[in-house]
């Protein structure tokens, strides 16, 4: 019976017919893939063309953006601002570890209402989760001396507390704003230790982009540890090797310098596919912020140029972070955010 069936198949469908059918099917598959690819490219081109019809303010709102928050006494403002301005991630401070150690962290607690914000962290993070805003919690070791690692073991304690909170709400990472200028062995060891407990996001200073590991070799007493970074050209390479997230302080008063920092970060990041690298720009005009480090004056000179810059850099470098919430709100709406005033929102005002 099997022989008869085989005979009939061969009789009705000679080999050349099977070859023709196979060829047709392959051609159809290639055509389908080509059409789908063309459609995707066309859709992308159409989106870019549509964006050109937007105002600078509309482009800014559309851009993928993140917001740095040092205090959250106006949580409802932040929620509204995230929704209106399309902030999809916030960097939310949980305070300096040294400042809050004895009163809170040592006791296994976060700072309570009134210390940094007007809601407990679980409640506020849940509100952010509900509007699909990612959260990274921000901390640092000491007040006044970023090179002091004498209490570095406290970082692990805080990481464990964050991990416990992350079982109730979504937290992307623990972001360390540790802006050291030396003692890099301790900095790297801290990140290695903390990252074993909870994902770390490390701040990057601009000059670290060009700081060669070989040039800081003498700072390392643990030569075996230093040798573990033999494949790392710069300090940023080393930080990207041991952390899943990094954030560059792309601070300068000139657009071209800021973009230069971002481009250099992109080059280094291309060597570390497992690290998500982002950029932060400074907008503060408050005293204490060096004029050379902020785009505040550029914004005042030409708002549309600033909004277009945010849009362009966001598209080119996969998102952009604005530092920081209160001063950006005041810059846009001429008033510091306060619970005694209603949320302003809308297009920016001209502040006198």
Testing the spin-label approximation: label points 7 Å from Cα along Cα→Cβ at residue 53 and residue 113. State their distance in nm. 4.8 nm
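Assuming R0 = 22 Å, what is the FRET efficiency of residue 106 and residue 73, from their Cβ-Cβ distance, to the nearest 0.05? Before the final figure, lay out the partial values.
Numbers: r = 25 Å, r/R0 = 1.13.
Here the calculated transfer efficiency is 0.35.
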Cα axis of helix 121-130 to longest principal axis of the chain: angle in degrees, 0 to 90, nearest 10? 30 degrees
So for the chain: antiparallel DSSP bridges make up what percent, rounded to the nearest 5? 5 percent
Relative contact order of the chain (C-alpha contacts under 8 Å, at least 6 apart) in percent is 16 percent
Give the order of 74, 23 when sorted by the count of other beta carbons within 10 angstrom, beginning with the fewest. 23, 74
Report the normalised scattering of the stretch 59-333 as log10 I(q)/I(0) at q = 0.10, 0.14, 0.16 Å⁻¹, calculated by the Debye formula with identical scatterers on the alpha carbons. -0.51, -1.03, -1.34
Translational D in µm²/s for the stretch 266-352 (Stokes-Einstein at 4 °C, 1.567 mPa s, Kirkwood Rh from C-alpha pairs): 88 µm²/s
Residues 321, 123 in order from fewest to most other beta-carbon atoms within 10 Å are 123, 321
Please work out the FRET efficiency for the pair residue 292 and residue 83, using the Cβ-Cβ distance as r and a Förster radius of 56 Å; give the result to the nearest 0.05. 0.95
I need the calculated FRET efficiency for the pair residue 170 and residue 339, taking r as the beta carbon distance and R₀ as 25 Å, to the nearest 0.05. 0.45
Structure-based [θ]222 nm, the chain - -39500 (n - 2.57) summed over DSSP H runs of at least 4, per residue, nearest 500: -14500 deg cm²/dmol
In nm, to one decimal, how far is the residue 318 label point from the residue 26 one, both placed 7 Å along Cα→Cβ? 3.6 nm
Could you state the number of Å between the C-alpha centres of the stretch 241-278 and the stretch 132-152? 20 Å
Neighbouring Cβ atoms within 10 Å as the yardstick, rank 220, 124, 225 fewest first. 225, 220, 124
The extension gain from residue 210 to residue 183, computed as 0.36 nm times the residue separation minus the Cα-Cα distance, is 8.0 nm
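Values quoted throughout were computed directly from the atomic coordinates according to the rules given, and no laboratory measurement underlies them. Quick caveat, the model's predicted, so the values are computed rather than measured. For neighbour counting, all protein chains shown are included, and Cβ atoms are generated from backbone atoms with ideal geometry for every residue, glycine included.
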